[in-house]
1. Net charge around B:Thr223, counting only other residues with Cβ within less than 11 Å of its Cβ (Lys, Arg = +1; Asp, Glu = -1)?
2. Give the cross-link partners of A:Lys123 among the aspartates and glutamates, using a straight C-alpha distance below 18 Å as the criterion and excluding same-chain residues fewer than 8 apart.
3. Can you pull the percent of chain B's accessible area that's carbon plus sulfur, 1.4 Å probe, other chains left in place?
4. So which lysines can B:Lys101 reach, going by Cα to Cα under 19 Å and dropping same-chain residues fewer than 8 places off?
5. For the protein assembly as shown, what does the helix formula give at 222 nm: sum of -39500 (n - 2.57) over DSSP H segments with n ≥ 4, over the residue count, nearest 500 deg cm²/dmol?
6. Could you check how much of the accessible area of region A:1-110 is carbon and sulfur, as a whole percent, using a 1.4 Å probe?
7. Distance cut-off 26 Å, Cα to Cα: go down the list A:Lys172/A:Lys218; A:Lys137/A:Lys225; A:Lys63/A:Lys137; A:Lys126/A:Lys172 and report the pairs above it.
8. Applying 1/(1 + (r/R0)^6) with R0 = 51 Å to the Cβ-Cβ distance of A:Tyr28 and B:Val114, what FRET efficiency is obtained, to the nearest 0.05?
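The values are calculated or read from the model by the stated rules, or taken from the named source; none is laboratory data. If you're wondering where the values come from, they're calculated on a predicted model, not measured in any experiment. Cβ placement follows ideal geometry from the backbone for every residue including glycine, while neighbour counts extend to all protein chains displayed. Accessible surface areas use protein heavy atoms only, side chains included; no ligands, DNA or RNA. Shrake-Rupley method; radii C 1.70, N 1.55, O 1.52, S 1.80 Å.
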Amino acid sequence: MKQRTLNLVPKPVKWLLAGSLLLQIFVYLQLPAKPTLILELPLPPSYEQLRLFTLGDSVVAAKLGILWLQSFDQQQGRVLSYHALDYGILRQWLELLLELDPHSHYPLLLASQVYVSVGTPEKVRKMLDFVYDAYLKYPDQRWPWLLQATVLAKHRIKDLPLSLKYAQALSKGGSNVPIWAQEMQVFILEEMGELEQMRIVIGGMLANGQLTDPNEIKFLNERLKALEQLSP
Amino acid sequence: MINYVISFSRYVVIEALHTRLLVMSAILLGMGMGLVTFLGSITITETAATQSSFLAAFLRIIAVYTMSLWVITSVAREFHERSIDLWLSFPVTRGAFVVGKLLGFGIVAVMMAVFYGSILGWNAPWWQVIIWTSSLICELWIITNLSLFCVLTFQHAIPSFSIVLGFYILARSIDALQSIVHSPLNSGIGLMAQITLGAVELLATLLPHFDRFTRTEWLIYNTGTVMDLLHIIGQTAVYVTLLTAMSLFDFYRKNL
């Protein structure tokens with residue numbers, strides 16, 4: 001539809017338009033600064049409440065929730081330390097988001113790579129335990145995250161019994177867990193000085209035909225012989 | 001009668017093109033792409049999955065909103081301009097008018113769903129995109145039928161759109177509502193609890209369960225099956241028949 005020329009608009013209307021636009025810009029510039037109130041991580045809603053909020057689309061609820069949670073530590077242009085977060089509540093959020101979208105690895109990545117950067121071992125343990133519990137539900141899909149948790153427990157918080165617990169869970173995991181991941185417990189036992197238990201584990205692995213690679217069998221046989229020489 | 005049906009549906013499609021409905025859809029798609037590009041830039045992992053899920057959810061809502069509003073305003077205008085009186089002064093049955101309109105709206109819904117579905121193909125398996133698009137067509141058919149029924153009944157846009165909106169929100173969340181009223185925390189035995197439970201169960205019986213339609217997870221986890229689609233097609237056939245019967249019943253009784 002062809003429009004009439006601009007000259008036909010009365011001048012007061014043009015002034016009113018320009019003036020109101022400028023007034024809006026002025027109002028925006030006069031807005032008081034937001035109070036610098038730092039919010040605490042709230043308790044998560046229930047699974048059904050979050051689904052209701054996204055009209056029954058649980059995957060979208062999970063994706064929205066994870067982006068919100070991930071950016072929660074950035075409030076009003078300030079980056080909060082993870083020390084300020086309540087890791088008990090954080091874990092509840094991660095559990096909820098994983099329940100909404102069980103195929104996703106995003107909450108596991110946040111737990112095992114982002115939130116573990118906090119310096120407090122107790123908080124790191126909470127994240128690693130979340131990964132461990134998630135792994136027990138779907139070991140075939142989530143073993144890489146437990147492997148990560150095993151390494152973090154061993155090297156970051158130097159909790160060898162915890163690392164061994166995760167490594168043992170990996171060795172009993174699903175059919176997708178590779179042999180090299182199942183062997184993790186051998187090296188942790190060695191570091192813990194549990195040579196007798198290490199001998200039993202290697203012997204068991206060799207005996208039940210778990211291993212097929214000849215080099216791997218040779219390597220573990222050599223370890224076993226070395227252990228037997230060390231035994232009194 | 002068939003000629004009248006075809007004529008009415010043809011004019012609906014022409015109206016969609018003249019009122020730039022598809023251009024509007026393209027503009028909304030551009031907004032959606034902008035939104036997902038922004039969201040993609042703040043994700044740490046699963047970027048493609050996050051983008052696809054948001055774009056699919058956005059396009060689904062936009063398609064429902066646009067189609068519903070367009071159907072309602074188009075027919076409401078015919079009431080206000082008295083063109084319905086003109087149509088009915090010709091030797092044409094009221095049934096031909098309703099069915100012709102529905103056919104036209106249905107064709108426009110297919111065009112919109114295929115347009116949006118083809119965009120999602122860039123990031124999802126084609127087979128899943130076909131299931132998603134077919135499901136969106138079914139969802140839009142139910143919504144256009146409901147919109148036509150509401151506007152034929154109320155003749156005004158605001159009450160009609162309010163009812164469609166309420167219906168859609170309830171149909172999308174009825175499974176979640178059912179789970180909430182059946183949870184152990186809400187298992188009261190008082191009269192109000194029983195009434196609430198009964199009302200939710202009644203709604204669950206009467207409404208199509210839209211949360212099982214057009215699911216985002218199909219696109220990102222490849223989980224859609226032919227059986228899912230067959231269930232949706234079955235539900236759509238039943239509901240479209242019901243809504244068409246309601247529209248015909250109401251329109252034949254209307255004193256025009």
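1. Numbers: positive: B:Arg215; negative: B:Glu217, B:Asp228.
Result for the neighbourhood of B:Thr223: -1.
2. A:Glu40, A:Asp73, A:Asp86, A:Glu95, A:Asp133, A:Asp159
3. Answer for chain B is 72 percent, counting heavy atoms of protein chains only.
4. B:Lys254
5. Numbers: 22 runs with 358 residues, N = 488.
Computed mean residue ellipticity for the protein assembly as shown: -24500 deg cm²/dmol.
6. Values: 4800 of 7350 Å².
It is 65 percent, rounded to a whole number.
7. Numbers: A:Lys172/A:Lys218 23 Å; A:Lys137/A:Lys225 37 Å; A:Lys63/A:Lys137 21 Å; A:Lys126/A:Lys172 22 Å.
Beyond 26 Å: A:Lys137/A:Lys225.
8. Working: r = 42 Å, r/R0 = 0.82.
Efficiency at R0 = 51 Å is approximately 0.75.
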